[in-house]
1. Please identify the GluC sites (Glu not before Pro) of segment 34-143 that satisfy two criteria: DSSP loop assignment and at most 12 other Cβ atoms within 10 Å. Which are they?
2. What is the distance, in nm, between label points placed 7 Å from the Cα along the Cα-to-Cβ direction at V85 and at L9?
3. I'd like the FRET efficiency for L120 and A65, computed as 1/(1 + (r/R0)^6) with the beta carbon distance as r and R0 of 22 Å, rounded to 0.05.
4. Nothing charged except the Cβ atoms of Lys and Arg (+1) and of Asp and Glu (-1): what's the magnitude of the dipole of the chain about its Cα centre? Round to the nearest 20 debye.
5. Grab the DSSP H runs of the chain that are 4 residues or longer, score each as -39,500 (n - 2.57), total them, divide by all residues and round the 222 nm result to the nearest 500 deg cm²/dmol.
6. Working out 0.36 nm times the residue gap between L135 and K16, then minus their Cα-Cα distance, what length gain in nm do you get to one decimal?
7. How long are the three semi-axes of the equivalent ellipsoid of segment 23-137, in whole Å, if each is the root of 5 times an eigenvalue of the C-alpha gyration tensor, listed from largest down?
8. Apply the Karplus curve 6.51 cos²θ - 1.76 cosθ + 1.60, θ = phi - 60°, to the phi angles in segment 66-74 and return the couplings in whole Hz, x for Gly and Pro.
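What follows draws every value from the coordinates through simple rules; no lab data is involved. Since the model is a prediction, treat every value here as computed from it, not as a measurement. Heads up, the Cβs are rebuilt from the backbone with ideal geometry, glycines too, and the neighbour counts pull from every protein chain shown.
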Amino acid sequence: MSIINESLLLLINLSKVQTVVSRRFDRLNAHGIGFSDFVILYLLNSAQDGKMRRVDLAEKTGLTASGITRLLSPLEKIGLVGREVNERDARVSYVLLTAAGKKIYEEARVTAEHTAKDILPAGKAKAVKLLAEMLSGLGGNIQ
């Protein structure tokens, strides 16, 4: 049996935690969206005017341009997000949160917040803050 270093083991466990957390957020299916969809709706809801350039959305989520397009396509088909072309530069397109998307986001946010409370231990605010700082340093800095 080969031993791996603690850093690699930490990242392997972090990957497992990501999978476990995503599975816990399957509760969002009741709203017709998944966890990744919720993150997109959150970012758009938080954005100025409820819209973002596709490239900025891809960067915020850590996805590639094609990855964000694949994620947005079903959301667009069900009317939660829309497209808007920049009037000055046709190469730039925006993703915008529709009224239906905002409604679903607000409903799903309640479920997501309850799920987060179930996942993270109560009374561990200091540990949660430390973990948040560590994740931010690793690129997990969506706000």
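1. Numbers: sites: E59, E76, E84, E87, E106, E107, E113, E133; in loops: E87.
Those satisfying the criteria are E87.
2. 5.6 nm
3. Efficiency, rounded to the nearest 0.05: 0.10.
4. Numbers: 20 positive and 15 negative charges, 32 e Å.
Using only the charged Cβ atoms, the result is roughly 160 debye.
5. That comes out to -19500 deg cm²/dmol.
6. 41.4 nm
7. Working: eigenvalues 153, 61, 28 Å².
Working from the Cα gyration tensor, I get semi-axes of 28, 18, 12 Å.
8. Here the 3J(HN,Hα) series is 6, x, 5, 5, 5, 6, 6, 3, x Hz.
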